[in-house]
Amino acid sequence: MHTIIQASETHRRTSTSGTATAAFRKPVYDCQGQAGGMKLVVYVPGVDASGVSIEARGPDIVITARKTRFVRVNWQPLNLESLQKDYLLRLRLGRDFAYERMQAEIGGGVLTITLPKRVSDPAGSASRLRRVA
């Protein structure tokens with residue numbers, strides 16, 4: 001007797017989302033803690049300023065860097081497609097940073113992002129505390 005096991009819906013969904021991230025590769029990066037925040041250095045060779053997208057989603061930061069493509073007249077594939085992949089970096093940094101005051105600059109394939117720490121209000125944190133008993 002043969003048994004056929006059907007793949008579940010969750011398995012199908014994860015496999016399709018995996019193909020979307022297969023078009024990207026994870027860049028090399030370095031996080032450096034500073035007194036007033038954090039400095040994030042991301043190495044993205046072949047990317048200029050117009051190809052960089054930085055999004056803050058709650059405690060996460062998502063950096064997408066797309067390479068500039070030049071199509072030549074005599075182009076033929078040479079199995080170099082893996083080198084042409086764009087970059088995608090997802091990091092969970094937490095809610096202690098002021099993402100709205102983030103500063104970024106790129107030069108020579110090096111993206112530098114400076115994230116200042118969120119200024120906490122001692123009076124505001126005391127007002128958020130409440131008595132339950």
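Got a sec? Which strands (runs of 3 or more DSSP E) wholly within the range 5-114 have at least 3 residues that are out of contact with any helix residue (DSSP H, G or I) (no Cβ under 6 Å at 6 or more places or on another chain), surrounded by 14 or more Cβ atoms within 10 Å (Cβ to Cβ) and at pLDDT below 90?
none
Being within 15 Å of Leu91 (Cβ to Cβ) and of a type in the set (Lys, Arg) is the filter here; which residues of the range 43-70 pass it?
Arg57
The values are calculated or read from the model by the stated rules, or taken from the named source; none is laboratory data. Note that the structure is predicted; figures quoted are calculated from it, not measured. Backbone-built Cβ (ideal geometry, glycine too); neighbour counts: all protein chains shown.
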